[in-house]
Every structure is written in structure tokens, then in C-alpha cells.
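Asker: I'd like to ask some things about the structure below.
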Amino acid sequence: MTISPELQFALDAILLVGLFALLVMNWRSRGDVKRALDAVSGASIAERWSSAVASLSRDDQDRPSSVESRLGGIYAVEQIARESQAYRAPTMELLSTYVRQHAPLGRTGIEPDVEIQSILTVLARSGVEGLNLRRTALWGADLENASLVGVDLSESRIGGARFAGLKLARALLRDAILTEANLVGADLSGASLAGARLSGADLSNADLRGADLKGVDLRRARLRGADLREASLDGASLIEATLDGADLTGVTLNDVALEGASLKGAVLARVDLQRAHVDGADFSGADLRGAVLRGLDLPTARLQQAILTEADLGHTVLRGVDLRGALLRQASLYLADLERASLQGVDLHGADLIGANLSGANLERAGLIGATLIGADLRHANLVDAALDGADFERAEFAGATMTGASTRGSSWHEARLAGAILPDDMQHPTIKPGA
């Protein structure tokens, strides 16, 4: 579309007027900040304090304040706090009170007012711990790589905040709203976030060691590489969350919702998952050494390449689950249901499979050396080229099983039911005593 000379002239004029207005505002802002600092430079600290505090007032009827004059007051009191230790604590309390009063709950917006953001910046670089910012509305606040150690932001609304790298160790964030917040690499060690809402938040590589995350909403949150050691997640919702590579050593997971969550390569050593909800969770490559999964129903879980050494999977339902590449040495699978499970090449060395249901399971090339399968159901199982040396198959069922090429040196077959099974060549070993 061709623009007429008259329209182009009008557009150019509007652009020039807007640019001039921005320059004037910037000049006024710089001028007011400088005047606020100059006005107090030659007075006593008490006089300077009073003058700076007066600049912060929004309700002076004789001389209504501007954003620029309030900014001048903010930086003036910060300068006084730096010069005088006696004024440091009062200054931070004054600024915290200003935020609580002028950014209360119920306030809306995608980001804080300019003076509120400026105060947050001053507070964050002050190094003062334990600031009180309870019940404030700080949507979209930007405090990346700053420090608010021990701050109280309980019940605050901080959705969409940019807190990447922020130091929030021992902070109080109970019942706070942090939806879609950026907390990448943030330090939240020892923080209390019970009841907080962090759905969609990015906590990748965050430090959450020892944090209280009871009842926290972390649906669809991103926690890749996060350090959650010794954290409490009881009752938390991590539905469809991403925890790939996260460290959850020593975490409590009672009544935690992990449906559809991704925990690829995560560390869950010795974690008790008995009361967790893990339908559709992806534990591929996860470290579950010594973990307790007893009695769980895991037909839709993904456990390929998972490390399950010495894990407790007794009574667990793993029907049809793909466990290829998993490490299950010394694991307990007592009375587990592994019907039609894919166990090709799986290391089950010394595993307890007493009474396990392995009917129709694919155990081709699996390592069952020294495993105990007393009373196990192996009907129609594929045991081609499996290592069965030293295993105990007493009273096990093998009807329809295929064991071509399997090694059975030193294995026990007392009262095993082998009728209808395709046996390996070495089944004439003296220790073999097949049942009827």
C-alpha cells in the first residue's frame, strides 16, 4: 500500500513528539534523582533522612509527588543507609513497608510500578536478610541474580517473576503464587514453600535442598537438574513436570502426584515411592538403587535403562512393562506381576523372583545367575540364550517356555514343571530334577 506524502508527514510528526516526550521524562527523572541527592548532601544525617523520606510520600496535598521525585527519595535513603549503619535497618524496614502498602494483594498488572521495582532492587542488593514482604503483589518482578535471603513473601503474588539466579535460601514463600516464574538456578535451599503454586515455573538447576515443598503445585514445572536432596514433597503435585537429571536423594514422596512426569536420568536412590502416584511416569535411565516401589501398579511406567539394583519391587504390577537395559541385580521382585514384560538382556543377577508371574515374559539373553525363582510362573516365557546358572527354579512352571541356548550350570530344578517346554542342551546336568 502506498502512503501519501501528507500521511507520511503526520506519522513522522507523531514519532518526533513521542521521542521528545521520552527524552523529557528521562531528563526529569535524572534531574529529580540528582536534586534529591544534592539537597541532602550538606545537611545532617537526620535532616537528610527526613528530606528523603518526605520525597517518598504520594499523598502530599501541598506538593503532589511525581514518580521521579519518589525515585530520588528511594536512592537518597539507600545512600544514607550505606553511609550510616544506624540507618541501615530503618531504611530497609521503611522500603519494605512502602512495598507492602503500595503493592498490596488485589493489585493487578504484568509488572510492578517503577518505584516498586526500584525498591526491590535496592532491597535485593542491600544484603539485609529476613525482609518482610508478605502479602504483596509483585507480578513480573525482575530480581535476577540478586539476594533476598530469608525474605518473607508468604501469600504473595509473584507470577511471571524473573528470579533466575536469585538467592532465596531460607525464604518463606508459603501459599505464594509463582506460576510461570523464572527461577532457573535460584537458591531455595531450606526455603518454605508449603502450599505455594508453581505450575509452569522454570526451576531448572535450582537448589532446593531441604526445602519444604509440602502440597506445592508444580504441575508442568521444569526442574531439570534441580537439587532436591532431603526436600519434603509430601502431597505435592508434579503432574507432567520435568525432572530429568534432578537429584531427589532422601526425598519424601508420600501422596505425591507424578502422573505423566518425566524423571529421565533422575537420582531417586533409596527413595520410598510406595505412596506416590506414578501412572505414565518416565523413569528411563533413572537411578532407583535401593528405592522402595513395593505394591505399586506400574503398567504404564517407562523403566528402560533404569538402575534398580537392590530395589524393592515386591508385589509390584509391571505387566507388559518394557524393562530392557534395566539393572535389577539383587532386586526384590517377590510375587511381582511381570506377565508379558520385556526383559531382554536385563541383569537380574541374584534377584528375588519367588512366586513372580513371568508368564509370556521376554527374557531372551537375560542374566538370571543366582536368582531365586521358587514357585515362579514362567509359562510361555522366552528364555532363549538366557544365563540361568546357579538359579533356583524349585516348583517353577515352564509349560510352553522356550530355553534354547540357555546356560543352566549349577541351577536347581527340584519339582520344576517342565512338561511342554523347549529345553536347552545341558538340561541333563545331575542337579536337574524335573517334576511331573
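The values are calculated or read from the model by the stated rules, or taken from the named source; none is laboratory data. Please read these numbers as outputs of a predicted model, since none were measured by experiment. Heads up, the Cβs are rebuilt from the backbone with ideal geometry, glycines too, and the neighbour counts pull from every protein chain shown.
Asker: Within segment 344-355, is even one residue at pLDDT 95 or above, buried (at least 24 other Cβ atoms within 10 Å of the Cβ), among the hydrophobic types (A, V, I, L, M, F, W, C) and under 22 Å from the mean Cα position of the chain (by Cα)?
Answerer: No.
Asker: OK, next. Of all the residues that make up segment 134-160, how many are surrounded by fewer than 22 Cβ atoms within 10 Å (Cβ to Cβ), of a type in the set (A, V, I, L, M, F, W, C) and at pLDDT 95 or above?
Answerer: Looking only at that region, the number is 1.
Asker: Can you tell me which of D244, D234, D279 is at pLDDT 95 or above, part of a loop (DSSP other than H, G, I, E, B) and over 10 Å from the mean Cα position of the chain (by Cα)?
Answerer: D234
Asker: Continuing with the same structure: Given the options L173, L166, name the one that is within 18 Å of A206 (Cα to Cα), in contact with a Leu (Cβ under 9 Å, 6 or more places away or on another chain) and touching a residue at least 40 places away in the same chain (Cβ under 8 Å).
Answerer: Only one candidate qualifies: L166.
Asker: Quick check on my filter: what residues within segment 51-96 are at pLDDT below 85 and polar (S, T, N, Q)?
Answerer: Selection gives S55, S57, Q61, S65, S66.
Asker: Can G355 be described as part of a loop (DSSP other than H, G, I, E, B), in contact with a Phe, Trp or Tyr (Cβ under 9 Å, 6 or more places away or on another chain) and more than 18 Å from T408 (Cβ to Cβ)?
Answerer: Judged against the criteria, G355 is a match.
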